[in-house]
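A.B. asks: Before anything else, here's the structure in question.
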Amino acid sequence: MAASLSTAIDVHFTIPKSDTKRPIFFTSPIRHNPTKKRLAISCNSSTSETSSSTKPPQNISESPSPKNPSLSDQLKPLSATTLSTKDHQAQLLSRPKSTWVNPTRPKRSVLSLQRQKKSLYSYNPQIRELKLFAKKLSGSGEDEFESVLETIPYPPTRENALLILNSLRPWQKTRLFFNWIKTQNAFPMETIFYNVTMKSLRYGLQFDIIEELANEMVSNEIQLDNITYSTIITCAKKCSRFDKAVEWFERMYKTGLMPDEVTYSAILDVYAKLGKVEEVLSLYERGVASGWKPDPITFSVLAKMFGEAGDYDGIRYVLQEMKSLDVLPNLVVYNTLLEAMGKAGKPGLARSLFEEMVDSGLTPNEKTLTALAKIYGKARWAKDAMDLWERMKSNNWPMDFILYNTLLNMCADLGLIEEAEMLFKDMKMSEKCRPDSWTFTAMLNIYGSGGNADKSMELFEEMSKLGIGLNIMGCTCLVQCLGKARRIDDLVRVFNVAIDGGVKLDDRFCGCLLSVASLCDESEDFTKVLACLKQANPKLVAFVKLIEGEETSFETLKEEFRAVVRDAAVETRRPFCNCLIDICRKRDLHGRAHELLYLGTLYGLYPDLHHKTVKEWSLDVRSLSVGAALTALEEWMGTLTKFVQRDEELPELFSAHTGSGTHKFSLGLANSFDSHVKKLAAPFRQSEERAGHFVATREELVTWVQSRIPSSVIA
């Protein structure tokens, strides 16, 4: 049923006499003694369409009384320009995309969803001359700077000064010109001048100066805007001043100024580098809840953070977030995710992610392939690694030094000699990636691991002809290979070349020479090796001489050993002790070998040597050299013999763990250990269930001990 409603309203309004045609909503406040007008407005509403809806809007001049327009006539221009159309109203009434917000913790917006726009320069007819002047000013020296300033073609107005300041490239010149502008007092300093100066200083990584300018702005009551804070925070991040980045972000947030996308991504990266995972996730979730759509850089930051921690669940979270927000990963994100997968120990997922990247149409770069090659090498996936190499060649994917050297190191880890030689040959034929010192080092490692001294010396001669010097890693690999081959004269020659080439010898190299000394059968070779070692570590050679002396007491040995261990790098202390024990066994100084093993255990060099449970006692010799392992076995058997003699309670099983190497060139301890067990006629045998283990039961051990002890002693 059609219904209609008619209402009459009396409206009083005021129009100043000075401007009767000006719309009422732009007038000044009400004054006294106005001219009052009275209007009667009728409002009709019905279900049927009114005829007024079909008429075009009338202008004020078209009203019945142009001099005294009605209120509806005055509001028509506003409705025609500001009110929404039906389509727009329908769009506003449509339900927006919902974003979940925790109702118990209401949060205000955490960032400005649009990057603050830079101020636009007005047209300046002198722009060409001013830019030429800025170029001249940039190329001037510090002594010439003031004299060049005197030749400025136009007075330093606000626009001219800003144009010159933005055109200067060296941060030193930008700072000098900025200080000169302040001394001129030609116009008040504004935020934009500080922002332009800070931007130039950020390129020069001058955070301290930027912070000084920011404090100056606060002191002079010059407002710090979004760009100011963004520049300060990003510069602090680039300078690794993470504490300062967090400090200025918190100051920005307290002022009520919301960070933009650039600042937000930067502070997320800062928190990630500081290891504050909870803060990163909290900021990220609050930003998304505020309507922010993260870009690929943000997800790269999150992936890197979880990758550093080896958090696979975190990496999955990043992938799920990208999928839910419809963010397509770019090459940088894929590279970061691949590195994260490698650190998390997920080679299979890394391979799937790589295939997904290729299927999406992206071409992998050198960093992508290097990350994947490292993952395959670490996982010992030889087949996948070589398939990757074949795809690189067939697709002409980019290669660089790092990728080639990574592939060579991978071949060294997997014992792929032929494949490594093929890679090395390709590098020689390449115009962009000629072999360098690290390439030769990788090849020396490959040949050294295989004990191929001839090939190693050929590489050494080739390096000498090409003028490529040995680095410490290549020198260590070559010396170790020559030592195992008993080519001591060649070893001495390589050592002298390294010394002449300025190679800085480290403790790893000294451990290598000490290992070679333990292999020497002839005293002459032993003396030559010690002569080389003396140039690198004279204190270590003095200790070797000390252990050979029969008159050396145990207390003296203990003090000197502690001094040697204290001065050595942490990662070389146990290898030093292993080699010293090997030297003692080679020189038939078995008593000294047992003393050194005791001292090594005393000073914590062998923390996991013994393990005891109710059912099993075990000896773990995987971190020991052959001589040290045999010494540990003798020591352990002697201790077990005492337990049997005292009739103490023993477990059901005894085991010795020598390890089972998967490397092609890994010799391991199993063969030497097995020979020594047979020599002692001990009851230990290799376990069929556990690889690299020698086991014996309690009954077998007791029987063996009783068979070696005279019956009178047993009685």
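A.B. asks: Rounded to two decimals, what is Rg over Rh for the stretch 504-550 when you use alpha-carbon atoms and the Kirkwood radius?
C.D. replies: On the way: Rg = 10.2 Å, Rh = 10.8 Å.
Ratio of gyration radius to Kirkwood radius: 0.95.
A.B. asks: Okay, moving on. So if I take the alpha carbon set of the stretch 573-704, get Rg, then get Rh from the Kirkwood formula, what is the Rg over Rh ratio?
C.D. replies: Values: Rg = 14.6 Å, Rh = 15.3 Å.
Using Cα coordinates only, the ratio equals 0.95.
A.B. asks: While we're here: Starting from the Cα coordinates of the stretch 603-665, work out the convex hull volume and express it per residue in Å³. Don't skip to the answer; put the middle values down first.
C.D. replies: Details: hull volume 6.9 nm³, N = 63.
Enclosed volume per residue, from the Cα hull, is 109 Å³.
A.B. asks: Within the stretch 471-506, what residues put their amide N at less than 12 Å from the label point 7 Å along the Cα-to-Cβ vector of Asp436?
C.D. replies: Label zone hits: none.
A.B. asks: Also, quick follow-up: Work out how much length Tyr598 to Gln184 would gain on full extension: take 0.36 nm times their residue separation and subtract the Cα-Cα distance, in nm to one decimal. It would help to have the intermediate numbers written out before the result.
C.D. replies: Values: separation 414, 0.36 × 414 = 149.04 nm, distance 7.88 nm.
Result for the pair: 141.2 nm of gain on full extension.
A.B. asks: Show me the three semi-axes of the equivalent ellipsoid for the stretch 315-474, from the C-alpha gyration tensor (sqrt of 5 times each eigenvalue), largest first, rounded to whole Å. Mind showing how you got there, number by number?
C.D. replies: Values: eigenvalues 224, 49, 32 Å².
Equivalent-ellipsoid dimensions as semi-axes: 33, 16, 13 Å.
A.B. asks: Same structure again: Can you tell me the mean projection area, over all orientations, of the convex hull of the stretch 447-550's alpha carbons? Units nm², please.
C.D. replies: Working: hull surface 25.4 nm².
Averaging across all directions leaves 6.4 nm² for the Cα convex hull.
A.B. asks: Give, as a single signed number, the net charge of other residues whose beta carbon lies under 11 Å from the beta carbon of Arg202, with Lys and Arg counted +1 and Asp and Glu -1. Please report the intermediate quantities before stating the final value.
C.D. replies: Working: positive: Lys199, Lys237, Lys238; negative: none.
Local charge sum for Arg202: +3.
A.B. asks: Does the stretch 199-254 come out rounded, prolate or oblate by the C-alpha gyration tensor, with a ≥ b ≥ c the root eigenvalues, rounded set by a/c under 1.5 and, if not, prolate when a/b is larger than b/c and oblate if not?
C.D. replies: On the way: a/c = 1.79, a/b = 1.24, b/c = 1.44.
Since a/c reaches 1.5 but b/c is at least a/b, the shape of the stretch 199-254 is classed as oblate.
A.B. asks: From the residues Gly511, Cys532, Leu602, which one has its Cα farthest along the dipole of the stretch 511-619 in the positive direction, the dipole being from +1 and -1 charges on Cβ of Lys/Arg and Asp/Glu about the Cα centre?
C.D. replies: Leu602
A.B. asks: Counting only Cα, what are the radius of gyration and maximum Cα-Cα distance Dmax of the stretch 168-313, in Å?
C.D. replies: Taking only Cα atoms of the stretch 168-313, I get Rg and Dmax of 16.9, 60 Å.
A.B. asks: While we're here: Starting from the Kirkwood radius over alpha-carbon pairs of the stretch 539-632, derive D by Stokes-Einstein at 25 °C in a medium of 0.890 mPa s and give it in µm² s⁻¹. Don't skip to the answer; put the middle values down first.
C.D. replies: Details: Rh = 13.7 Å.
Result for D is 179 µm²/s.
A.B. asks: While we're looking at this one, here's another question. With all protein chains present, how much of the accessible area of the stretch 378-532 (probe radius 1.4 Å) comes from carbon and sulfur, to the nearest whole percent? It would help to have the intermediate numbers written out before the result.
C.D. replies: Details: 3630 of 7300 Å².
Roughly 50 percent of what the probe reaches on the stretch 378-532 is carbon or sulfur.
A.B. asks: Return the FRET efficiency for the residue pair Asn365, His610: r is the Cβ-Cβ distance, R0 is 45 Å, and the value is rounded to the nearest 0.05. Before the final figure, lay out the partial values.
C.D. replies: On the way: r = 50 Å, r/R0 = 1.12.
Plugging the Cβ-Cβ distance into 1/(1 + (r/R0)^6) gives 0.35.
A.B. asks: Next question, about the same structure. With all distinct Cα pairs included, what does the Kirkwood hydrodynamic radius of the stretch 380-498 come out to in Å, to one decimal, could you say? Don't jump to the answer; show the numbers that get you there.
C.D. replies: Details: mean 1/r = 0.0680 Å⁻¹.
The Cα-based Kirkwood calculation yields 14.7 Å.
A.B. asks: Now a separate question. Solvent-accessible area per residue for the stretch 247-289 at a 1.4 Å probe radius, Å²? Before the final figure, lay out each step's value.
C.D. replies: Values: 1810 Å² over 43 residues.
Normalised by residue count, the accessible surface of the stretch 247-289 is 42 Å².
A.B. asks: In nm, give the distance between the simple-model label positions of Arg698 and Asn330, each being 7 Å from the Cα along the Cα-to-Cβ direction.
C.D. replies: 6.8
A.B. asks: Separate question: Once you have a ≥ b ≥ c as the square roots of the Cα gyration tensor eigenvalues for the stretch 417-479, tell me rounded if a/c is under 1.5, and otherwise prolate or oblate according to whether a/b is larger than b/c.
C.D. replies: Working: a/c = 1.83, a/b = 1.23, b/c = 1.48.
It comes out oblate by the Cα gyration axes.
A.B. asks: Could you state the number of Å between the C-alpha centres of the stretch 139-167 and the stretch 440-467?
C.D. replies: 59
A.B. asks: Could you list, in their original order, any pairs among Lys428/Lys455; Lys615/Lys678; Lys528/Lys586; Lys199/Lys293 whose Cα atoms are separated by more than 19 Å? Please report the intermediate quantities before stating the final value.
C.D. replies: Working: Lys428/Lys455 17 Å; Lys615/Lys678 25 Å; Lys528/Lys586 16 Å; Lys199/Lys293 26 Å.
Where the Cα-Cα span goes over 19 Å, the pairs concerned are Lys615/Lys678; Lys199/Lys293.
A.B. asks: Please work out whether the stretch 174-225 counts as rounded, prolate or oblate from its C-alpha gyration tensor, where a ≥ b ≥ c are the square roots of the eigenvalues and a/c under 1.5 means rounded, while otherwise a/b larger than b/c means prolate and anything else oblate? Write down the numbers at each step before the final one.
C.D. replies: Details: a/c = 1.87, a/b = 1.25, b/c = 1.50.
Oblate.
The values are calculated or read from the model by the stated rules, or taken from the named source; none is laboratory data. Bear in mind that the values here come from a model prediction, so they are computed numbers and not experimental data. Don't worry about glycine lacking a Cβ; one is built from the backbone with ideal geometry, like all the others, and counts go over all protein chains shown. Only protein heavy atoms, including side chains, enter the accessible area calculation; ligands, DNA and RNA are left aside. Shrake-Rupley method; radii C 1.70, N 1.55, O 1.52, S 1.80 Å.
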